[in-house]
Amino acid sequence: MKKTHFLLSLLALGIVSSCQNNDETISESSKQLEIHDKIVNVTNHDGRPFSTGAGVSSTSKFVAGPGGSVLMQGFYWDVPDGGSWWNTVKTKVTDWSNAGIGAIWLPPASKAQNGAYSMGYDPTDYYDFGNFNQNGSVETRFGSRAELEALITKAHDENMQVYADIVINHNSGGQSEANPYTGTSTWTNFSGVASGKFPRNYNDFYKNSYGNNDEGAFGGFPDLCHANPYVQSWLWERDDSVAKYYKNVMKFDGWRFDYVKGFGPWVVNKWNANVGGFSVGELWDSNVNTLEWWANNANSSVFDFAAYYKMDEAFDNNNLNALNDDMMWKRNPFKAVTFVANHDTDIIYNKMLAYAYILTHEGYPTIFYRDYEEWLNKERLNNLIWIHNNKATGTTSILYTDNDEYIARRNGYNGNPGLVVYINNSSTWQERWIQTNWASQQIKDFTGSSGWYPTTQGDKWVKIQCAPKSYSVWSLNQ
């Protein structure tokens, strides 16, 4: 949900903005340094798309592998209007598949109040994907329905999944009607939506016969009433409900739920129970207890805002000790979607260190479009994606932290050796003795930053190094 200034009057909503225990074991040793070994009892991803291959695939298709998948956020705020975005993303799909990216998250795809200029977070007609002349245009900002369907087909041809951004907290673009529950006129008449599907009136929005409000409203928009059985039917129960239409007709594979603070987690739970597919909620809260509560009750993944803010503290404020703190991926990596930036928030400056963190740790990591395509070094990101997909397996043990240095070990799983990641936020090269899971075996830095090829001792100890303001990732030389 885009956090913009909604003091711009609703009369000007032509420029509507978006919404937007584990047990821990600490052991200390004194072999040239103290080792803090934090055990997190989780394994690699379960049921997520995976990737294999040593670099760019010759088949140009995403293929399963041991380390887990990577999600691409396939848009940013205010992508170019003019109906070209679906085609732009379509041209990227094969390269993303080659790089080991297994899924794409698209912006809200249906017609919204601002028509051809809307980013989609002010939805009017959930079934208009750019094929009805409505709200001043036929196409959406991103293009036509045919172009969207071609993009989804292309992604599926590459063995990639496509996730829809779903905005079900509020609507916008309805006509004015007399509302007996407010004693005024409200913009809640959606009986004339061009698709003819999910017509709505004042009793489908708060306040109404079901009460005055639910968990939260947003920006003055009409607040959809999920307590109303009619709304539930159209959202997820009917054969032509929004959820089932998106999955069965448009062929979306999963969901990113916008502004889930606005309604109870039971809504997402019901949606998922009726239609299935991957799901992740945007619960903008750094409190890991809140994130875990919501994910459990929604039966859904959740964006790991706890990790997001801890990474900002660690990498931008020279306090890598912050990475010892609790995060959603430590509570339950199967329900944690990690990220460095997105269309709403972009506060981390040392992004490559942050990407090195999320792409070597547990959770489902997300790459932001502009970081990948415009702002950062794509070759380095592709290297980290390959490392994630091929080496980042098993539980996590934090081996060493101070203000400037962080070393963690992925312990491997099902024959895969795992890795050791060394992040150095100081201004000089650093070296550390650490304990691996490998006895008397040669290792190397898979980033290519270090030219060392050390052999671990019989007791599994080895010295590794890391360049200033950088990272290295070590695993068996095989």
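One residue alone among Ala354, Ala295 is touching a Lys or Arg at 6+ places or on another chain (Cβ under 9 Å) and hydrophobic (A, V, I, L, M, F, W, C), and that residue is Ala295. Answer yes if at least one residue in segment 403-410 is assigned to a loop (DSSP other than H, G, I, E, B), open to solvent by less than 10 Å² (accessible area, probe 1.4 Å) and hydrophobic (A, V, I, L, M, F, W, C), and no otherwise. Within segment 403-410, not a single residue is assigned to a loop (DSSP other than H, G, I, E, B), open to solvent by less than 10 Å² (accessible area, probe 1.4 Å) and hydrophobic (A, V, I, L, M, F, W, C).
The condition (being of a type in the set (Val, Ile, Thr) and either surrounded by fewer than 19 Cβ atoms within 10 Å (Cβ to Cβ) or more than 22 Å from Met327 (Cα to Cα) (or both)) is satisfied by just one residue among Thr366, Thr436, Thr396: Thr436.
Within segment 328-337, is even one residue open to solvent by less than 10 Å² (accessible area, probe 1.4 Å) and among the basic types (Lys, Arg)? Break it down into steps so the answer makes sense when it comes.
Looking only at segment 328-337, we keep the residues that are open to solvent by less than 10 Å² (accessible area, probe 1.4 Å), and these are 328-330, 333, 336-337.
Applying the additional criterion that residues be among the basic types (Lys, Arg) yields 330.
Among the residues of segment 328-337, at least one is open to solvent by less than 10 Å² (accessible area, probe 1.4 Å) and among the basic types (Lys, Arg), which makes the answer yes.
Tyr117 meets the stated requirement of being surrounded by 17 or more Cβ atoms within 10 Å (Cβ to Cβ), more than 28 Å from Arg380 (Cα to Cα) and either at pLDDT 95 or above or not β-branched (Val, Ile, Thr) (or both). Within the span defined as segment 130-151, one or more residues are buried (at least 17 other Cβ atoms within 10 Å of the Cβ), among the small types (Gly, Ala, Ser) and touching a Phe, Trp or Tyr at 6+ places or on another chain (Cβ under 7 Å). Residues that are open to solvent by 20 Å² or more (accessible area, probe 1.4 Å) and either at pLDDT below 95 or not in a loop (DSSP other than H, G, I, E, B) (or both) within segment 258-271 comprise Lys261, Trp266, Asn269, Lys270, listed in sequence order. Are there any strands (runs of 3 or more DSSP E) wholly within segment 425-475 with 3 or more residues that are within 23 Å of Asp404 (Cβ to Cβ), and if so which? Result: 430-435, 461-466. Which condition does Phe218 not pass, out of (1) touching a Lys or Arg at 6+ places or on another chain (Cβ under 9 Å); (2) open to solvent by less than 10 Å² (accessible area, probe 1.4 Å); (3) part of a loop (DSSP other than H, G, I, E, B); (4) not aliphatic (A, V, I, L, M), if it passes all the others? So the condition that Phe218 fails would be (2).
Checking each residue of segment 377-391 against the condition of being assigned to a loop (DSSP other than H, G, I, E, B) and open to solvent by less than 50 Å² (accessible area, probe 1.4 Å) gives no match.
At least 1 residues being farther than 24 Å from Ala392 by Cβ and more than 12 Å from the chain's Cα centre (by Cα) is the threshold, and among the helices (runs of 4 or more DSSP H) wholly inside segment 276-347 those reaching it are 288-298.
What is the residue count in segment 409-454 for residues that are among the hydrophobic types (A, V, I, L, M, F, W, C) and closer than 18 Å to Lys469 by Cβ? Steps first, answer last, please.
To start, the set of residues in segment 409-454 that are among the hydrophobic types (A, V, I, L, M, F, W, C) comprises 419-421, 423, 429, 433-434, 438-439, 443, 446, 452.
Right, trim to closer than 18 Å to Lys469 by Cβ and you get 421, 423, 429.
Residues flagged as among the hydrophobic types (A, V, I, L, M, F, W, C) and closer than 18 Å to Lys469 by Cβ within segment 409-454 amount to 3.
Each residue in segment 418-431 was checked for being under 14 Å from Thr456 (Cβ atoms) and not aliphatic (A, V, I, L, M), and 1 pass. Does Trp255 satisfy the criteria of being of a type outside the set (Val, Ile, Thr), at pLDDT 95 or above and either surrounded by 24 or more Cβ atoms within 10 Å (Cβ to Cβ) or within 19 Å of Ile104 (Cβ to Cβ) (or both)? Judged against the criteria, Trp255 is a match. Scanning segment 79-104 for residues that are touching a strand residue (DSSP E or B) at 6+ places or on another chain (Cβ under 6 Å), in a loop (DSSP other than H, G, I, E, B) and within 15 Å of Arg145 (Cα to Cα) yields one hit, Gly83.
The listed residues are Lys251, Lys207, and the only one of them that is basic (Lys, Arg) and closer than 22 Å to Asp128 by Cβ turns out to be Lys251.
For segment 228-239, give me the residue count where each residue is under 28 Å from the mean Cα position of the chain (by Cα) and open to solvent by less than 40 Å² (accessible area, probe 1.4 Å). Of the residues in that region, 6 qualify. Going through (1) crowded, with 21+ Cβ neighbours inside 10 Å; (2) touching a Gly at 6+ places or on another chain (Cβ under 8 Å); (3) within 16 Å of Phe263 (Cα to Cα) one by one, Asp204 falls short only on (2).
Please find, among Asn299, Asn274, the residue that is over 18 Å from Tyr364 (Cα atoms), at pLDDT 95 or above and touching a helix residue (DSSP H, G or I) at 6+ places or on another chain (Cβ under 6 Å).
Details: Asn299 fails: over 18 Å from Tyr364 (Cα atoms).
Exactly one of Asn299, Asn274 is over 18 Å from Tyr364 (Cα atoms), at pLDDT 95 or above and touching a helix residue (DSSP H, G or I) at 6+ places or on another chain (Cβ under 6 Å), namely Asn274.
Of all the criteria given as (1) assigned to a strand (DSSP E or B); (2) open to solvent by 10 Å² or more (accessible area, probe 1.4 Å); (3) not small (Gly, Ala, Ser), the one not satisfied by Lys247 is (1). Looking only at segment 272-310, residues that are open to solvent by less than 50 Å² (accessible area, probe 1.4 Å) and either among the aliphatic types (A, V, I, L, M) or within 25 Å of Ser233 (Cβ to Cβ) (or both) come to 19 in all.
The values are calculated or read from the model by the stated rules, or taken from the named source; none is laboratory data. Fair warning: this is a prediction, and the values are worked out from it, not measured in the lab. Every residue, glycine as well, gets a Cβ built from its backbone with ideal geometry; the counts of neighbours run over all protein chains shown. Heads up: the accessible areas ignore ligands, DNA and RNA and are worked out on the full protein's heavy atoms, side chains in. Shrake-Rupley method; radii C 1.70, N 1.55, O 1.52, S 1.80 Å.
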